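Structure record follows, encoded as structure tokens.
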2 protein chains.
Amino acid sequence: MPKRVDHNLRRLQIAEALWRIAASRGLEEVSMRQVAAEAGVSTRLVQYYFETRERLLVEALALRNEHDRKRIEGRLPEGASLRDAIRVLLLGLLPLDEESRQSTLIQLAYGVRAVNDPLLAEHVIRPSKPGLDELVTELLAGAQAAGQLHEGLELMREAGTLLALSNGMSYDVLMGMRSADDAIALVDYNLRRVFLSEAT
Amino acid sequence: MPKRVDHNLRRLQIAEALWRIAASRGLEEVSMRQVAAEAGVSTRLVQYYFETRERLLVEALALRNEHDRKRIEGRLPEGASLRDAIRVLLLGLLPLDEESRQSTLIQLAYGVRAVNDPLLAEHVIRPSKPGLDELVTELLAGAQAAGQLHEGLELMREAGTLLALSNGMSYDVLMGMRSADDAIALVDYNLRRVFLSEAT
DNA sequence: TTTTATGTGATACGATCGTATCATAAAAGA
DNA sequence: TCTTTTATGATACGATCGTATCACATAAAA
């Protein structure tokens with residue numbers, strides 16, 4: 001048969017164009033034509049690889065979620081302490097560099113839309129909520145068993161607090177209402193509040 | 001002269017129509033025609049009271065901010081303790097009923113757009129940041145002076161934590177990832193963490 | 001080399017958008 | 001009563017949108 005092109009690569013190129021537009025101009029500027037122009041291809045090609053605009057939006061998000069998952073997983077150092085693992089995880093939620101800023105922005109833009117769009121909600125909520133709460137709670141339980149925590153803590157609620165704190169600061173950092181250093185300092189303040197000592 | 005109509009009332013009616021659309025279908029569905037239809041007036045009328053779509057968006061937000069400010073101010077009971085004042089303030093940030101849910105949704109939708117729209121940013125950031133951090137910090141300082149707090153707290157950081165916590169949970173509650181009761185319980189858990197005893 | 005499935009371009013259609021224009025209804029001041 | 005200013009309706013224009021259609025180039029399979 002014919003030309004033999006890597007479809008997955010082409011789809012990724014187009015999805016990346018969408019990400020750039022969504023992050024820099026907002027989801028409402030994401031049209032078939034704009035995405036095509038940003039990707040440097042014809043509009044027909046975007047139609048070819050993603051039949052409809054709705055599918056384009058959903059599948060570009062799915063690709064971004066996969067992209068983010070790999071990025072965060074790659075961050076966790078091998079022999080990290082429980083405390084450092086939690087810290088890396090929390091800081092991973094903050095828009096501290098250009099790429100994570102883009103991720104936060106995309107996630108937020110889709111999130112707002114998903115509130116009244118059940119189809120999108122499935123793709124937004126599922127990967128973001130997969131059990132971060134449970135994961136952090138388990139990490140805290142491990143630290144508690146090792147005697148690294150202050151006494152009298154309710155681990156599930158501490159986990160919820162830490163995660164909601166990061167999410168809340170994400171928005172502030174994104175809007176320029178809080179500096180990145182400030183956000184990191186506040187994460188560390190709360191880790192100090194939970195863990196017994198700074199040392200590993 | 002002629003018909004003599006209350007312009008401010010008309011503008012509010014149209015703005016309210018915009019709020020309903022923005023909260024139920026998203027800001028990208030806010031068009032001059034849709035707002036006019038929702039308000040039950042002609043498109044021309046929307047043009048008459050808000051010259052352009054951009055002005056409509058900005059001024060409807062300003063009206064909503066004013067609306068929210070009154071609502072929150074009306075909530076604080078007269079002889080409330082410092083702890084209750086902070087609690088009311090924090091819970092006021094959460095989408096616990098239909099009206100505050102609408103406010104959160106509107107604020108978030110505008111916020112996302114404001115990230116890449118400096119004109120909007122001025123109207124989104126200014127009223128939301130006016131010094132909530134400072135206000136909560138001062139309330140905490142008052143409580144500390146009255147001997148109501150645990151020792152070793154950094155008040156500014158505790159204030160930042162409490163506010164970011166509420167903001168972070170707002171998103172979760174909005175998306176149905178966390179129940180309202182759960183969010184309230186987490187606020188109270190953190191208040192217990194900071195204040196010495198439950199009693200006033 | 002011929003065929004044929006795959007990939008790409010050009011273009012067209014109907015809908016909706018923001019905005020502008022023109023006309024008119026209504027009521028306060030003369 | 002007549003004029004004049006305010007408020008509202010009807011409608012039109014150009015742009016952009018999502019999507020569909022038609023044509024054609026290309027390279028593997030025959």
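Computed from the coordinates by the stated procedures, all read-outs in this text should not be read as laboratory data. Worth saying up front: this structure is predicted, and the values here are computed from it rather than measured. Neighbour counts run over all protein chains shown; Cβ positions are idealised from the backbone, glycine included.
Numerical summary
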item	result
Nm distances between copies for A:Thr43, ranked from closest, using label points 7 Å along Cα→Cβ	2.1
Positive-end residue, the protein assembly as shown charge dipole about Cα centroid, Cβ charges, pick of A:Thr52, A:Ala145, A:Gly92	A:Thr52
Average projected area [Cα convex hull, segment B:12-156], square nanometres	10.1
GNM top mover of B:Leu165, B:Leu119, B:Leu61 - chain B, alpha-carbon springs below 10 Å	B:Leu119
Taking segment A:1-63 and dividing mean pair separation by its residue count, relative contact order in percent (alpha carbons under 8 Å, at least six apart)	35
C-alpha long axis of helix A:7-25 to longest principal axis of chain A, angle in °	70
Environment charge of A:Arg20, counting only residues whose C-beta is closer than 12 Å and scoring Lys/Arg +1, Asp/Glu -1	-3
Most fluctuating residue given options B:Gly176, B:Gly131, B:Gly152, as computed from a GNM of chain B linking Cα atoms under 10 Å	B:Gly152
Highest-fluctuation residue, B:Val88, B:Val124, B:Val115 considered, GNM on chain B with Cα pairs under 10 Å	B:Val115
Taking segment A:1-148 and dividing mean pair separation by its residue count, relative contact order in percent (alpha carbons under 8 Å, at least six apart)	21
Length-normalised contact order for segment A:75-200 - Cα pairs under 8 Å, 6+ apart - percent	33
Label spacing, shortest first and in nm, from B:Ala146 to its equivalents in the remaining copies (7 angstrom along Cα→Cβ)	4.2
Segment A:1-63, dipole about Cα centre (Lys/Arg Cβ +1, Asp/Glu Cβ -1), debye to the nearest 20	260
Quarter of the Cα convex hull surface for the protein assembly as shown, i.e. its orientation-mean projected area (nm²)	24.4
Estimated 222 nm signal from helices in chain A, with DSSP H stretches of n ≥ 4 weighted -39500 (n - 2.57), rounded to 500	-23000 deg cm²/dmol
Shortest-first distances to equivalent copies, position A:Arg75, nm, label 7 Å out along Cβ	3.1
Tilt relative to chain A, helix A:118-128 - C-alpha long axis, 0 to 90 degrees, to 10	40
Per-bin percent of Cα-Cα distances, segment B:77-200 [5 Å]	2, 10, 19, 21, 19, 14, 9, 4, 1, 0
